[in-house]
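These notes are about the structure you will find just below.
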Amino acid sequence: MAHRVSHRSLAVAALSTVVEWYDFTLYLYFATVISRVFFGGGSAALATALGGFALAYLMRPIGAVAFGHIADRHGRRPMLLLSMALMSAAMLLTALLPTFSQIGVAAAWLLFALRCVMGFSVGGEYTGVITYLLEGADPRRRGLIASLAAAASEVGALLAVGVSAVTVALLSEADLQAWGWRIPFFVGAALAGTVWFARRVMEESPDWEQLRADGALHANPLAHAVSRQRPAVLRAFAISSLGSITYYVGITYVPAFLASVGSIDEATALWLSTIAAVAVILVTPVVGLLSDRFGRKPALLVLAVLSAVLPVSMFSLMAGASTAQSLLGAVTLALVAGGVSAVGAIATGEQFSHESRASGLGLGYTVATAVFGGLTPYVAQRLVEATGSPAMPGIMIAVVAVVALPVFALMRETAPLARQEA
């Protein structure tokens with residue numbers, strides 16, 4: 001069976017997640033610069049900048065509901081065009097914002113407003129892409145195709161790190177604060193605009209086209225998902241919870257952990273995390289391919305067991321360890337997180353029927369991300385400080401994995417090839 005939409009449409013959808021994670025990573029890596037430019041500098045300014053980021057993150061579930069409705073009522077393609085248009089505009093306007101030195105505290109409020117717009121639009125972006133890939137790919141290769149979207153996300157993160165590093169390296173501190181900070185946001189706006197232009201030639205999902213032809217579009221797809229597909233929403237929440245905490249604690253928190261608890265400096269910690277990010281890019285298509293061959297359920301069960309066992313020992317290993325041991329720990333955690341992201345991307349979407357797939361997937365995925373995503377690095381750090389135990393972040397991951405295991409064990413298999421051979 002061939003792909004149900006063109007290879008070009010699939011490629012555009014799969015690779016366009018690079019924009020979402022470029023923006024996400026850029027803000028975090030540029031947080032100290034942003035705190036000086038928009039909040040006046042100082043430790044309080046940095047905390048405020050990060051707090052604003054966390055609050056804007058809560059717009060994701062709202063965006064998921066809104067964009068899920070658009071996707072289920074009006075088509076996957078219009079939703080993907082609108083979400084990328086909003087992301088392009090938000091990044092461009094951020095690059096053009098006046099600074100704290102020009103208009104005072106109003107600059108911070110304008111930045112926060114644009115972060116809310118970004119969080120809102122991102123809320124529908126990833127789930128919209130996964131919905132489109134699930135419905136457009138050859139069913140026998142859904143896992144591989146969807147895993148490419150997860151890999152592209154990490155490419156976006158690496159691109160943000162590279163652009164930030166080059167900008168900081170080439171400019172003086174005065175130039176960086178005066179105008180240089182705008183460069184990475186202009187790059188992001190150009191990247192998002194390019195993706196929007198490429199999406200204009202995407203075909204519509206054949207599943208949605210069939211729904212429209214049959215007159216089966218629901219007036220309220222979210223209500224349909226909650227009333228008719230509630231178990232699917234809960235399963236999607238469980239899968240996404242494990243994916244979120246393994247990523248946000250097992251990858252994004254690691255540099256801060258290594259710098260505060262380990263014996264290596266910040267620069268080395270970031271380099272180790274960059275190597276770990278490359279490992280994620282390499283492992284995701286492999287796990288996606290394996291999930292096509294052997295099934296989503298076995299892959300999730302194996303990854304949940306690994307998540308319950310490995311993180312505790314890896315965080316303990318990295319505490320006060322040599323650079324080599326820290327690298328081993330960081331890469332191991334990244335491989336587990338990348339594996340969960342790879343199979344979780346398609347497994348969540350396959351829980352739903354196509355009548356309200358975007359709405360149900362968006363609800364389950366973004367609520368889990370809101371609970372187990374942005375705030376978990378902060379919680380992990382506070383637990384380490386309060387207990388003195390470097391194993392606490394690993395324990396957090398293990399608890400979620402143990403709770404998710406029964407859900408995975410009771411799930412039906414959704415990979416077509418694995419179902420045929422069962």
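Values quoted throughout were computed directly from the atomic coordinates according to the rules given, and no laboratory measurement underlies them. Quantities reported herein were computed from a predicted structural model and do not represent experimental measurements. Positions of Cβ are backbone-derived with ideal geometry, glycine not excepted, and every protein chain shown enters the neighbour counts.
Miscellaneous remarks
- Ellipsoid semi-axes in whole angstrom, largest first, where each is sqrt(5λ) of the Cα gyration tensor of segment 194-283: 41, 21, 10
- For segment 9-124, taking Cα atoms only, Rg and Dmax work out to 15.3, 47 Å respectively.
- Label-point separation in nm, R412 to E203, each point 7 Å along Cα→Cβ: 2.8
- Extension gain (nm, one decimal) between R382 and A113, 0.36 nm per residue minus Cα-Cα: 94.0 nm
- Scaled radius of gyration (Cα, divided by 2.2 N^0.38 Å) that segment 91-141 gives: 1.81
- Over the chain: helical MRE at 222 nm, DSSP H runs n ≥ 4 each giving -39500 (n - 2.57), nearest 500: -26500 deg cm²/dmol
- Share of alpha-carbon pairs per 5 Å distance bin for segment 27-73, given as whole %: 5, 21, 21, 14, 10, 11, 9, 6, 3, 0
- For segment 322-422, the equivalent ellipsoid derived from the Cα gyration tensor has semi-axes of 31, 18, 12 Å, listed largest first.
- Considering all different alpha carbon pairs of the chain, the Kirkwood hydrodynamic radius works out to 21.6 Å.
- Whole-angstrom Cα spans of segment 1-51 along principal axes, big to small: 58, 15, 12
- Scattering profile of segment 166-325 at q = 0.11, 0.13, 0.17, 0.20 Å⁻¹ [log10 I(q)/I(0), Debye over alpha-carbon scatterers]: -0.82, -1.04, -1.23, -1.30
- Cα shape, segment 219-416, gyration tensor, a/c 1.5 rule: prolate
- Over all orientations, segment 1-217 has a Cα convex hull whose mean projected area works out to 12.0 square nanometres.
- Longest to shortest principal axis, alpha-carbon extents of segment 296-346, angstrom: 37, 16, 10
- Net length gained if the chain between L81 and S227 were fully extended (0.36 nm per residue, minus Cα distance): 49.7 nm
- The stretch between S313 and L301, if pulled fully straight at 0.36 nm per residue, gains 2.4 nm over its current Cα-Cα span.
- Binning all Cα-Cα separations of segment 231-309 at 5 Å, short to long from zero, yields these whole-percent fractions: 3, 12, 17, 22, 18, 12, 8, 5, 2, 0.
- Using only alpha-carbon positions in segment 133-174, the gyration tensor eigenvalues give semi-axes of 37, 7, 5 Å once each is multiplied by 5 and square-rooted (largest first).
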